[in-house]
Structure formats: structure tokens, C-alpha cells
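A quick write-up on the structure given underneath.
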Amino acid sequence: MSGKTPERSRRRRTACAVAGVAAAALLGSLVTAGPASTDETASRSLQDAYRRAADRYEVPVSVLLGVSYLQSRWDGHAGAASVSGGYGPMHLTDLTTALAESGTYHHGGAEDPRGDAARPLDTDALAAAGKSHAGRDGKVPERLRTLPEAAELTGIPAERLREDPAANIAGGAALLADAQRESGRSASDDPAHWFGAVAAYSGADDEATAAVYAGDVFDVIRSGAARTTDSGQRVTLRPHRNLGAEAGRIEQVRKLGLKTGKRIPNLECPRSIACEWLPAPYEQWTNPDGSTDYGNHDKGDRPRTQDVDYIVVHDTEATWETTLDLVQDPTYVSWHYSLRSSDGHVAQHLKTKDVGWHAGNWFVNAKSVGLEHEGFLTNPDAWYTEAMYRTSSRLVRYLSRTYDVPLDRQHVLGHDNVPGTVPSTIPGMHTDPGPYWDWDHYFRLLGSPFHREGPRRGADMVTILPDYDEHRPVYTRCDDSGDPCTPHGSSAVRLHTAPAADAPLVKDIGLRPDGGPSTDGVNDTGARATTGQQYAVADRDGDWTAIWYLGQEAWFHNPAGRPTAVPARGKVVTPKDGKDGIPVYGRAYPEAGAYPEDVPVQSVVPHPYELKAGQEYVLGLETKGEYYYAVTYDSSGHQVVRGQETYYQIQFGHRVAFVKASDVDVRRAR
């Protein structure tokens, strides 16, 4: 909490020393909610922990539950730290203890984020640049060290605050009560009087971010919530409709003494979220060999010159500070927005009319807006917070309205759904945001939830839709040990060659040209279908459903009592009569005759897969062949080349692909 004078802090420590002893005694009387307990007493204890902590620190229990929901959706994450160094249901932060030592950096790996053979990037140089920025975070911000403060306020050891959910909840309650005192307000049973304290809890250093965070908490309090946590415990927040006037809330935030900031003209964010402008540099330089180069994006004029068809969801694979460091490096790559985990704060780096280098496929880059979310896909408990999900959904709704992008999984892609451009790039494509991104929850927040369409039985199409919290397939290789990852809810179902759990996983010959098998590795997308993706049904056998996937039948467990997919309606494509199979592509480039003399022809190279006769794939969107030629710093020479060839985007595997309209017939599925 900001704004404390040394004298006020001394008085607080003296008062809290006695309170801490009482709090420790209180916690000793609670049944600790262990990370894997499903015992009935333990199930009651987490809800009870909120009530007791609220009573002890004179915080309305609805406020305590609302703050906790926005941070963690009441999950304890088995004591693991978030990407922000946050622990437990209240997301108490201790970055010094939690800071990852792996040196993970943003866009490392074999993928060329620009994805254009006409101007390829040096991926080794990008990896080196990423590593050079890792760990450059200097002073730890106050928002990332609230757990030591909670330990001081309560007298509870830091280790217990990290590992014991009941202790963690008490620590959060103490922080809220302290923020209320610091604001000069007395404890109150009326939740509306706590808006300023909730805003302070966010740790934001500006009024706008703090107010948006508190507004989201109060939206949860107003509407109520209920869910079963990751420890199997049911927690409920009853709706509270009367929460006071908006004017009074804003005044509470102003009294926190945070930066007021100014809304930057033309900043492309909805007013319902807090944004800042941290521009990615557009700079030219001379290399040691005398050649010139530039980075880290291309100037554009969208949508006047090109449609924006996609919004691409990434995770940063880095902390917030490192992420901002990287995007402001002219020798690195770029994306349009970054979103902070702890409070959902947004930084915009590119105007959406310009083209970022983020998706690894130039066709997609030229027609997309990229959003980076602070997080690590290989650490299922370095979680994506509710605050970040909510801010991201508001931003995506705004972009959807601005560019008329449909809110479905054909247009809102994960980075792991973007196809490689040509066969050689497929193995190196990135895999974020991974199987732990909650697409179902995200699309509910977008106001476009997935649901059953069409006949209950015998539908020709399905939408993948497992229960995120209950669906917990085993993944491996979240670290160097090769051991199974921490059990965790997942959006992805695993695909087999036959209707049996012990049948081999389907193969991805693009990912493994040597014919090697797919694995259960967390980064292996070769046998994976994810929430919201739609596929044509190939067969059914009892509790198993087969879909057409990468040119083969792929089976997944889909029992009636706990379905992992629901019937869907839409259009599918199949090879035209007389064709045994047709090629699929990773980009929809124009035919050779469409290129002017001063633009090199870009080859249309098929992927190693084949869409065979008798197979069907769900049609996503229709587009003319298009190529954005941008290889010079001076954007006056940039050109958009359009052809006459029409392409259909299809859901071919875990990633989308393109087929030529002239090769297929289209029909409406039942």
C-alpha cells in the first residue's frame, strides 16, 4: 500500500504485534484447507476461513471474497507462486522469494516472429537479446511484496502465509483493514465504504488502474459468484445489489494519493480499462558490415489497406518488467498490447493500424492484433489472474467492435493455433498460451460463450468444451525433470488413434517429419484439440468421438455424463469430386500473376499434410490471397498485393490452415 509515512508505519507495527498473536491463535482453530483435500470438514473450512478472517479484521466478508475472486478465483494453487510472485487465494506477493531463476525469456526458440521469408529475422540473435534482458528487473515494486507486509500485520510467518490458505486469507484481510485505516476511514459493514481500500489492494500506482480493479471486484460482489476451487472446496459469494454511488467510489480512490495520469489522445483502449502508452521503437541502424536494418515492427494503414481478421492471444513467458524491456528494444520484436497479471493493467505499444512481429506467420501478422499476457505456460500455477482475464476480455471486445472481428475461435486465436508458413517452420512454432488458458471462461467474459447447437445426437460437427476445472489430463515436461506437471484444469483434450485411453496418440508429420510419435508434453500440440475449436465428426464408438484431424481420424473421450465436446452447426469443406486429396497451406498468398514487377513472388508452398477424399473440416473464414510487402524502413514503398485466388481457412489440426476454394466443395453440417 502506497503513501505510508514512517511514523504511521511504526504505529501500525506496534498495534499489529498484539493483533498478530490473536490472529495466529485464530488460525490455529481452523482446519487448514490442504491443497488436495476433499474431506467434508476441509470443504467447509475455506468458506469459514473467509468468514473468520473478515470478522477478526472487521472487513465485510463480501469484500474479502470479491478481492480473492478477482485475484485467484479462490484457488490456492497448491502454494505455488504466480508470475507476479503471488501466493494463495489472496495473491499475497513476495517476488523476492518467488522470482523464477530459469532465465526464461519472451520469444526464445526457433520461431521467426515476423514469419516472412522476404525478410527473415535471426532467431539466434532474438534468443540472445531475450536472455540479455532476463533478470534486469531492478527494485522490486511495492505491489510485488505484500506478503511480508501481511506477515508484519498478522504476526503469521511468511512461510505459512504462502502455504496455508486460511493463513493467506487472514493476511489479505489484514491488508484490506490496514488500507482502510490508511485512507482515514473506519471499519464499516457496508461494502461500498471499502472501494478505496480495494483499490489500494491492487497495488496499482495510478488512479485509473486502481479504480478499474476495484470496479471489477465490486462487479463480482454485485453479481455474486460460486465455484468449486482447485482443492475441491465449494465457495459462494451471495449477490449484493446496493453498493453505493459511483461518485463516492472515485473520491475514495483519489484519497489514495496515486498518480492521476492523463488519457493519451488516440490511445486505443476502451474507457473501461486502464491503459498507458509505451511505444515499441521504429528505428533504423547500420550493421557492422555496413548494411542497414530496422525494427521492431512495420508501419501500416489498417483497415484502409488491409482488413484485421484476427486477434492473437499470447503469454509473455517473462515477468512484466522484462516484457516491457523487450518490446522497447528496437532490435527485438513487437506486439500491440501487454497485460499485467497482478491487476490487469494494459500497456499499448503499437497503433493497431501498424503490423507487429509476434505470431510467426507474416500473413497472420499483417491481418492481426497481438495481445501478450504476463505468464508462463509451462507453470500451471503461475496463473492467469481473473483481473487479467477481465481486462483482456474488455480489450478484445473493443477490438472486435473496432475491426468487426467475430468473437469465435476462428478469429480469436491462441499463438499455438497460428500455422507455420511452410513445412520447415512448423516444428519451431510457439505453443503459448498453452493448455492451461481457460478459453471457456474467457469467452464467457467476452459475452460469446460456447454452447450446444444442433441435434443432441448424431451431429456432424462438435465444439470442444471440457469442464476446465474438472478436466485434468496429465502433462509432462513443465520443467527439466520430465516428471508430470502439477495437476491442473485444462482446456485441451488429447487425441488417440483408436477409441481407447491406451491407444497411441495421433501423429503430426509436420511437427515431426521423421514420423515420431506425439507425446503428453505440455508444449506438444501434435495431438491436441482445445476449447472452442470446431471439428467435423468422423465416427463414434460408445463414450468416444472421432474427428477429422491432420488428415486422419482422431479419437477423444467424450462420455455422455461428462462430455468434453458439444454438438455444433456450421459449414464444412471436403475435396471436390474426383480429387483423391488436396493440399493445405499455412498462408493464403496470391497467385504468381498478381505480383507487380517490383515485388518478389512469394511461393505458395503446401504443408506436408493432405486433406483426403471423404474427410471434412470446419470452415472458418473466406479470404482472397493477400501479401503485404514491407521490407524497407521507408514505408512509402510498402505494398499490399491481392490476387484472385480465394482461400478458406479451416480447423485442420490444433492450428488452423488454408485450402484453395477451387479445390473443395462446401456444405452445411447437420
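Going through segment 274-294 one residue at a time, which ones are farther than 16 Å from Asp354 by Cβ and either exposed (fewer than 13 other Cβ atoms within 10 Å of the Cβ) or among the aromatic types (Phe, Trp, Tyr) (or both)? Break it down stepwise before answering.
Here is the first cut: in segment 274-294, the residues farther than 16 Å from Asp354 by Cβ are 274-276, 285-293.
Answer for segment 274-294, where residues must be farther than 16 Å from Asp354 by Cβ and either exposed (fewer than 13 other Cβ atoms within 10 Å of the Cβ) or among the aromatic types (Phe, Trp, Tyr) (or both): Trp285, Thr286, Asn287, Pro288, Asp289, Gly290, Ser291, Thr292.
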Filtered residue count, segment 363-398, keeping only those that are touching a Ser or Thr at 6+ places or on another chain (Cβ under 7 Å) and within 30 Å of Ala117 (Cα to Cα): 8
Candidate set from segment 634-652 (those that are at pLDDT 95 or above and open to solvent by 20 Å² or more (accessible area, probe 1.4 Å)); member that is farthest from Arg587 (Cα to Cα): His638
Residues that are crowded, with 24+ Cβ neighbours inside 10 Å and either under 25 Å from the mean Cα position of the chain (by Cα) or not in a helix (DSSP H, G or I) (or both), drawn from segment 187-199: Val198, Ala199
Those residues of segment 598-614 which are crowded, with 20+ Cβ neighbours inside 10 Å and outside any strand (DSSP E or B), in sequence order: Gln602, Val604, His607, Tyr609
Residues located in segment 570-594, provided they are open to solvent by less than 20 Å² (accessible area, probe 1.4 Å), in contact with a Ser or Thr (Cβ under 9 Å, 6 or more places away or on another chain) and hydrophobic (A, V, I, L, M, F, W, C): Ala588
Residue list for segment 51-69, restricted to those being closer than 12 Å to Ala174 by Cβ and among the hydrophobic types (A, V, I, L, M, F, W, C): Ala53, Ala54, Val59, Leu64
Among residues of segment 496-516, those that are part of a loop (DSSP other than H, G, I, E, B) and within 27 Å of Phe443 (Cβ to Cβ), counted: 3
Flag if Val396 is outside any loop (DSSP other than H, G, I, E, B) and over 20 Å from Glu372 (Cα atoms): no
Positions within segment 391-406 being surrounded by fewer than 19 Cβ atoms within 10 Å (Cβ to Cβ) and either touching a strand residue (DSSP E or B) at 6+ places or on another chain (Cβ under 9 Å) or within 19 Å of Val346 (Cα to Cα) (or both), in sequence order: Arg397, Tyr398, Arg401, Thr402, Pro406
Filter result for the condition that a residue is crowded, with 17+ Cβ neighbours inside 10 Å and touching a Gly at 6+ places or on another chain (Cβ under 9 Å), over Pro563, Pro567: Pro567
Qualifying residue in segment 616-638 (condition: assigned to a loop (DSSP other than H, G, I, E, B) and in contact with a Lys or Arg (Cβ under 6 Å, 6 or more places away or on another chain)): yes
The lone exception for Ile264 - which of (1) under 30 Å from Arg119 (Cβ atoms); (2) surrounded by fewer than 19 Cβ atoms within 10 Å (Cβ to Cβ) it fails: (1)
Some residue of segment 433-452 being more than 29 Å from Val396 (Cβ to Cβ) and in contact (Cβ under 8 Å) with a residue 40 or more places away in the chain: no
Residue in segment 276-289 that is within 30 Å of His77 (Cβ to Cβ) and among the charged types (D, E, K, R) present: yes
Counted residues, segment 653-670 - those being open to solvent by less than 10 Å² (accessible area, probe 1.4 Å) and over 21 Å from Glu453 (Cα atoms): 7
Residues located in segment 575-597, provided they are β-branched (Val, Ile, Thr) and either out of contact with any Phe, Trp or Tyr (no Cβ under 8 Å at 6 or more places or on another chain) or part of a strand (DSSP E or B) (or both): Ile582
Residue list for segment 319-344, filter: more than 22 Å from Pro120 (Cβ to Cβ) and either open to solvent by 10 Å² or more (accessible area, probe 1.4 Å) or not in a loop (DSSP other than H, G, I, E, B) (or both): Thr319, Trp320, Glu321, Thr322, Thr323, Leu324, Asp325, Gln328, Tyr337, Ser338, Leu339, Arg340
Residue within segment 373-385 that is outside any loop (DSSP other than H, G, I, E, B) and open to solvent by 10 Å² or more (accessible area, probe 1.4 Å) present: no
Residues that are surrounded by 24 or more Cβ atoms within 10 Å (Cβ to Cβ) and of a type in the set (Asp, Glu), drawn from segment 345-372: Glu372
Residue count for segment 517-560, restricted to those that are out of contact with any strand residue (DSSP E or B) (no Cβ under 6 Å at 6 or more places or on another chain), surrounded by fewer than 17 Cβ atoms within 10 Å (Cβ to Cβ) and not in a loop (DSSP other than H, G, I, E, B): 2
Out of Pro484, Pro499, sole residue that is free of Cβ contacts under 8 Å to residues at least 60 places away in the same chain and closer than 24 Å to Gly76 by Cα: Pro484
Residue identified as part of a strand (DSSP E or B), within 27 Å of the chain's Cα centre (by Cα) and modelled with pLDDT of 95 or more among Val572, Val566: Val566
Counted residues, segment 83-100 - those being in contact (Cβ under 8 Å) with a residue 60 or more places away in the chain, among the hydroxyl-bearing types (Ser, Thr, Tyr) and open to solvent by 10 Å² or more (accessible area, probe 1.4 Å): 2
Count of segment 284-303 residues which are farther than 15 Å from Ser635 by Cα and among the basic types (Lys, Arg): 0
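Scan segment 231-242 and give yes if some residue there is in contact with a strand residue (DSSP E or B) (Cβ under 8 Å, 6 or more places away or on another chain) and surrounded by fewer than 15 Cβ atoms within 10 Å (Cβ to Cβ), otherwise no.
Yes; the residues of segment 231-242 include at least one that is in contact with a strand residue (DSSP E or B) (Cβ under 8 Å, 6 or more places away or on another chain) and surrounded by fewer than 15 Cβ atoms within 10 Å (Cβ to Cβ).
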Qualifying residues in segment 295-318 (those that are open to solvent by less than 20 Å² (accessible area, probe 1.4 Å) and assigned to a loop (DSSP other than H, G, I, E, B)) - the one nearest to Thr378 (Cα to Cα): Thr316
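The values are calculated or read from the model by the stated rules, or taken from the named source; none is laboratory data. Computed from a prediction, not measured in an experiment: that's the story for all the values here. When we count neighbours, we look across all protein chains shown, and the Cβ atoms used for this are built from the backbone with ideal geometry, even at glycine. We work out accessible area using only protein heavy atoms, side chains counted, and drop any ligands, DNA or RNA first. Shrake-Rupley method; radii C 1.70, N 1.55, O 1.52, S 1.80 Å.
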